[in-house]
Amino acid sequence: MTTSAIALRRAAGEHPIARYVVKRLIVGVVMLAFVSVAIFFFTQALPGDVARQVLGQSATPDQIASLREQLGLDRPVVVQYFDWVGGLFTGELGRSLTSGLPVAEAIAPRVANSAVLVGVTVAILFPLALAMGATAAARPRGIIDGIVTVLILLVIALPEFIIAILVIVILATNVVKLFPPTSIIDSSQPLFAQTDLLVLPVLALVIGGLPYFTESIRTTLREELMSEYVTWARLTGIRERRVLWRYALPNGIGPALQVAGTTLVYLTGGIVAVESVFAFPGIGAALTAAVANRDLPTVQTITMLMAAVALIIYLVADVCGILLTPKLRSALAS
Amino acid sequence: MNTLRRMRHDARGLTGGALALAVVLLALVGPLVAPHDPGAFVGRPFQSPDSAHPLGLDVLGRDVLSSLLSGGLLFLAEAVAATIIGVGLGVLAGTVLATLPRKPADIALSFNDALIVLPQIIIALLVLTRLGSSPFTLIAVIAFAHVPQSARVVRVAVQRVTSEGYFEAARGFGARWGWLFWREIMPNITGVVVIELSIRLAISSVVLATLSYLGFGATADDWGSMIHQNQGGLTIQPLAVLAPVAALGCFLVGANLFRDGLSRALAKGA
């Protein structure tokens, strides 16, 4: 055992929250291992002639032999799996079957583009959802409360690609032409210098993520506002605004973080459709193209990356939720 | 039935139900009344609406109205099949999860949760990479993606039943598992299963429509594919995009309003 592992174990033994984090980490790693087996099974281990499926009926025997060689398909499946998992650690993810470039090199700029897209979305979505949810909870039957109800009844039912199409119809083509309907990005310039190309995809993602997040904040805060400590605070004459932001909100932050985590994971699915609508060169559009071309190494890498990101998001949301919620924190410590 | 009677005065829920039903009827009857063969080229690409073609023509010069009328049946059938199979298996898996001894249940549950990590559209894309799209693979992959999610919901409901006295009593009398499942568990989780079916039907439709839009539908002329193919002509012939958008939108929003009404009616009855 390495010294860092010993230190980790010692810290974990002494501190209940550290113990929880370590336990949660182990569960996360085990889950990621499950997911990796599932991803490998559906891409590479599924019965059938992989090389012929990838190359199609017109492929020559030479091409098929060389693809078998490249993917190592002649070896036992278990060896192939561990070889692939080993590659995940060393960064040797194979070569794209379409471009011939190393997968890591091919998708790195796209990961960066998608990260900017999701980052900007989150920077707008989270504060907006928090403000709208809190206002709706504080003023039932007010304007914002009405908007949240409409969002939850109408917008939440629509797939992201339809929201994106409607955004294009209204803001880029038929009603007004404020922004470009596609986001063909000039890769020689930084994405931040081309903000007009970001506006519509971000807008579509914000509208798509808003209903669920706002509704959850509204429900959580409404419950807190009906609790005894809030009644007590009101009776002592504390102003309503302070009751909401200083007392109710901190107690609702744990559930809100869970919802934030779920929303972030929802966005990893949302970018697949939204990027395709706007031809935005991100990882979602890359996944769609890789699936269409049966580019197995690229599909494996992108889905594995998305699963890892999702697990990290859930882990961070869980741990922060516990650290920030007084009740849970003391329950764990006792 | 009692639940439906309670929805009688719920204008919102009924409007939603009517809206969704109208789209279902359109999809069912549509193929019979379509004025043209949806695959036939009847004019110039993106021709504007006229009396013979009330919704105009699409990117290849095909009649948009005929495509709209013919493009919903297979799509809705796939969504319904995937939902019933997925929720059915989810009920079984959830019951097993709820009745296993603690240790194996924990392990099974974390395996179940591992399958929920990826959004359903990503799972669908992953599985379709090798299998390719056909009605059969689409139904299978979407049903498969529902199972762990439904299992979670059903597990909680079943646990509530198995902790009740009447269940303990039935088990104490030596009732068989089949009896316990059909006579004790199922009648008490019907509400949960109905709501789960309505939520999953909406998600099946969303995932199927998205897959079609991305080019992974079973056919190339359902509503999702229509939107994709005609997107380039939005400024010239917007109806070719807006007609299928309206059909999908009415169905999904209607179904959501109906489900919302149903949940409230069930909650009132409980």
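So which of A:Gly133, A:Gly142, A:Gly146 is under 22 Å from the mean Cα position of the chain (by Cα) and away from every other protein chain (no Cβ under 12 Å)?
Working: A:Gly142 fails: under 22 Å from the mean Cα position of the chain (by Cα); A:Gly146 fails: under 22 Å from the mean Cα position of the chain (by Cα).
Of the residues listed, the single one that is under 22 Å from the mean Cα position of the chain (by Cα) and away from every other protein chain (no Cβ under 12 Å) is A:Gly133.
For the stretch A:63-168, which helices (runs of 4 or more DSSP H) that fit wholly inside it have 1 or more residues that are at pLDDT 85 or above, buried (at least 18 other Cβ atoms within 10 Å of the Cβ) and among the aliphatic types (A, V, I, L, M)? Explain how you work it out, then say what you get.
Details: elements: A:77-90, A:103-138, A:143-153, A:160-168.
Those helices (runs of 4 or more DSSP H) span A:103-138, A:160-168.
In this structure, does B:Ala209 turn out to be in a helix (DSSP H, G or I), within 10 Å of chain A (Cβ to nearest Cβ), at pLDDT 80 or above and under 30 Å from A:Leu178 (Cβ atoms)?
Values: in a helix (DSSP H, G or I): yes; within 10 Å of chain A (Cβ to nearest Cβ): yes; at pLDDT 80 or above: yes; under 30 Å from A:Leu178 (Cβ atoms): yes.
It is true that B:Ala209 is in a helix (DSSP H, G or I), within 10 Å of chain A (Cβ to nearest Cβ), at pLDDT 80 or above and under 30 Å from A:Leu178 (Cβ atoms).
Enumerate the pairs (first residue in the stretch B:120-131 and within 11 Å of A:Phe42 (Cα to Cα) and more than 7 Å from chain A (Cβ to nearest Cβ); second residue anywhere and surrounded by fewer than 23 Cβ atoms within 10 Å (Cβ to Cβ) and among the hydroxyl-bearing types (Ser, Thr, Tyr)) with beta-carbon separation below 8 Å, excluding pairs fewer than 6 apart on the same chain, so at least 6 apart or on different chains.
B:Leu131/B:Thr137
Among the residues of the stretch B:159-170, is any touching a residue at least 60 places away in the same chain (Cβ under 8 Å), more than 22 Å from B:Leu109 (Cβ to Cβ) and out of contact with any Phe, Trp or Tyr (no Cβ under 9 Å at 6 or more places or on another chain)?
no
Among A:Arg52, A:Arg10, which is in a helix (DSSP H, G or I), modelled with pLDDT under 75 and within 13 Å of another protein chain (Cβ to nearest Cβ)?
Numbers: A:Arg10 fails: within 13 Å of another protein chain (Cβ to nearest Cβ).
Going through A:Arg52, A:Arg10 in turn, the sole match is A:Arg52.
Evaluate the following for B:Ala246: is it within 14 Å of chain A (Cβ to nearest Cβ), open to solvent by 30 Å² or more (accessible area, probe 1.4 Å) and in a helix (DSSP H, G or I)? Full working, then the answer.
Working: within 14 Å of chain A (Cβ to nearest Cβ): yes; open to solvent by 30 Å² or more (accessible area, probe 1.4 Å): yes; in a helix (DSSP H, G or I): yes.
Considered against the rule, which asks whether it is within 14 Å of chain A (Cβ to nearest Cβ), open to solvent by 30 Å² or more (accessible area, probe 1.4 Å) and in a helix (DSSP H, G or I), B:Ala246 comes out as yes.
Restricting to the stretch B:60-72, count the residues that are open to solvent by 10 Å² or more (accessible area, probe 1.4 Å) and out of contact with any Asp or Glu (no Cβ under 9 Å at 6 or more places or on another chain).
Going through the stretch B:60-72 one residue at a time, the tally reaches 4.
Which one of the conditions (1) open to solvent by less than 30 Å² (accessible area, probe 1.4 Å); (2) within 14 Å of chain B (Cβ to nearest Cβ); (3) touching a residue at least 60 places away in the same chain (Cβ under 8 Å) does A:Ala172 fail to meet, given that it meets all the rest?
Result: A:Ala172 fails condition (3) only.
Considering only the stretch B:141-173, state which residues are over 30 Å from A:Phe41 (Cα atoms), assigned to a helix (DSSP H, G or I) and of a type in the set (D, E, K, R).
Answer for the stretch B:141-173, where residues must be over 30 Å from A:Phe41 (Cα atoms), assigned to a helix (DSSP H, G or I) and of a type in the set (D, E, K, R): B:Arg160, B:Glu168, B:Arg171.
Quick grid of which residues meet (1) open to solvent by 10 Å² or more (accessible area, probe 1.4 Å); (2) modelled with pLDDT of 80 or more:
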| site | (1), (2) |
| --- | --- |
| A:Asp196 | yes, no |
| A:Val199 | yes, yes |
| A:Ile207 | yes, yes |
| A:Thr220 | yes, yes |
| A:Tyr229 | yes, yes |
| A:Leu244 | yes, no |
| A:Ile253 | yes, no |
| A:Thr263 | no, yes |
| A:Leu267 | no, yes |
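Has the stretch B:150-159 got at least one residue that is over 14 Å from the mean Cα position of the chain (by Cα), farther than 30 Å from A:Ala308 by Cβ and surrounded by fewer than 23 Cβ atoms within 10 Å (Cβ to Cβ)? Write out each step before concluding.
The first filter runs over the stretch B:150-159 and keeps only residues over 14 Å from the mean Cα position of the chain (by Cα), leaving B:151-159.
Of the ones still in play, those that are also farther than 30 Å from A:Ala308 by Cβ are B:157-159.
Those left that are additionally surrounded by fewer than 23 Cβ atoms within 10 Å (Cβ to Cβ): B:157, B:159.
Yes, the stretch B:150-159 has at least one match.
How many of the residues making up the stretch A:273-288 are within 10 Å of chain B (Cβ to nearest Cβ) and farther than 15 Å from A:Leu200 by Cα?
So the answer is 4.
Starting from the stretch A:88-105, keep only residues that are touching a residue at least 24 places away in the same chain (Cβ under 8 Å), then list their pairs with residues that are open to solvent by less than 70 Å² (accessible area, probe 1.4 Å) and in a loop (DSSP other than H, G, I, E, B) whose Cβ atoms are within a distance under 6 Å, requiring at least 6 positions of separation or different chains.
Here the result reads A:Ser96/A:Asp295; A:Leu97/A:Asp295; A:Thr98/A:Asp295; A:Val103/A:Leu93; A:Val103/A:Gly94; A:Val103/A:Ser96; A:Ala104/A:Gly91; A:Ala104/A:Leu93, each pair linking the stretch A:88-105 to a residue that is open to solvent by less than 70 Å² (accessible area, probe 1.4 Å) and in a loop (DSSP other than H, G, I, E, B).
Examine the stretch B:149-166 for a residue that is within 14 Å of chain A (Cβ to nearest Cβ), on the phi < 0 side of the Ramachandran plot and not hydroxyl-bearing (Ser, Thr, Tyr), and state whether such a residue exists. It would help to see each step written out before you state the result.
Filtering the stretch B:149-166 for residues within 14 Å of chain A (Cβ to nearest Cβ) gives B:149, B:152.
With the extra rule that they be on the phi < 0 side of the Ramachandran plot, the set shrinks to B:149, B:152.
Narrowing the set further to residues that are not hydroxyl-bearing (Ser, Thr, Tyr) leaves B:149, B:152.
Within the stretch B:149-166, one or more residues are within 14 Å of chain A (Cβ to nearest Cβ), on the phi < 0 side of the Ramachandran plot and not hydroxyl-bearing (Ser, Thr, Tyr).
Going residue by residue through the stretch B:98-116, is there one that turns out to be within 14 Å of another protein chain (Cβ to nearest Cβ), open to solvent by 10 Å² or more (accessible area, probe 1.4 Å) and not in a helix (DSSP H, G or I)? If you could, list the steps in order and put the result at the bottom.
Taking the stretch B:98-116 and keeping what is within 14 Å of another protein chain (Cβ to nearest Cβ), we get B:106-116.
The next check asks that each one be open to solvent by 10 Å² or more (accessible area, probe 1.4 Å); those that pass are B:106-113, B:115-116.
Checking the rest, the ones that are also not in a helix (DSSP H, G or I) come to B:115-116.
Looking through the stretch B:98-116, at least one residue is within 14 Å of another protein chain (Cβ to nearest Cβ), open to solvent by 10 Å² or more (accessible area, probe 1.4 Å) and not in a helix (DSSP H, G or I).
Only one of (1) facing chain A (nearest Cβ under 10 Å); (2) part of a helix (DSSP H, G or I) fails for B:Phe216. Which number is that?
Only one criterion is unmet by B:Phe216, namely (2).
The rows are residues; the columns are (1) touching a helix residue (DSSP H, G or I) at 6+ places or on another chain (Cβ under 9 Å); (2) of a type outside the set (S, T, N, Q).
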site: B:His36; (1), (2): yes, yes
site: B:Phe41; (1), (2): no, yes
site: B:Arg44; (1), (2): no, yes
site: B:Leu69; (1), (2): yes, yes
site: B:Leu74; (1), (2): yes, yes
site: B:Ile84; (1), (2): yes, yes
site: B:Gly90; (1), (2): yes, yes
site: B:Thr99; (1), (2): yes, no
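Here is a list: B:Gly232, B:Gly224, B:Gly254. Which entry is within 10 Å of chain A (Cβ to nearest Cβ) and farther than 27 Å from A:Ile152 by Cα? Give the derivation first.
Values: B:Gly224 fails: farther than 27 Å from A:Ile152 by Cα; B:Gly254 fails: farther than 27 Å from A:Ile152 by Cα.
Just a single option satisfies the conditions, and that option is B:Gly232.
Which residue pairs have Cβ atoms under 6 Å apart, sit 6 or more places apart or on different chains, and have a first residue in the stretch B:218-240 that is farther than 22 Å from B:Ala27 by Cβ and a second that is assigned to a loop (DSSP other than H, G, I, E, B) and open to solvent by less than 10 Å² (accessible area, probe 1.4 Å)?
If the second residue must be assigned to a loop (DSSP other than H, G, I, E, B) and open to solvent by less than 10 Å² (accessible area, probe 1.4 Å), the pairs left are B:Gln237/B:Gly56.
The values are calculated or read from the model by the stated rules, or taken from the named source; none is laboratory data. Since the structure is predicted, the reported quantities are computational estimates derived from the model, not experimental observations. Note that each Cβ is placed from the backbone with ideal geometry, even for glycine, and that neighbours are counted across all protein chains shown. Quick note on the areas: whole protein, heavy atoms, side chains included, nothing else; ligands and nucleic acids left out. Shrake-Rupley method; radii C 1.70, N 1.55, O 1.52, S 1.80 Å.
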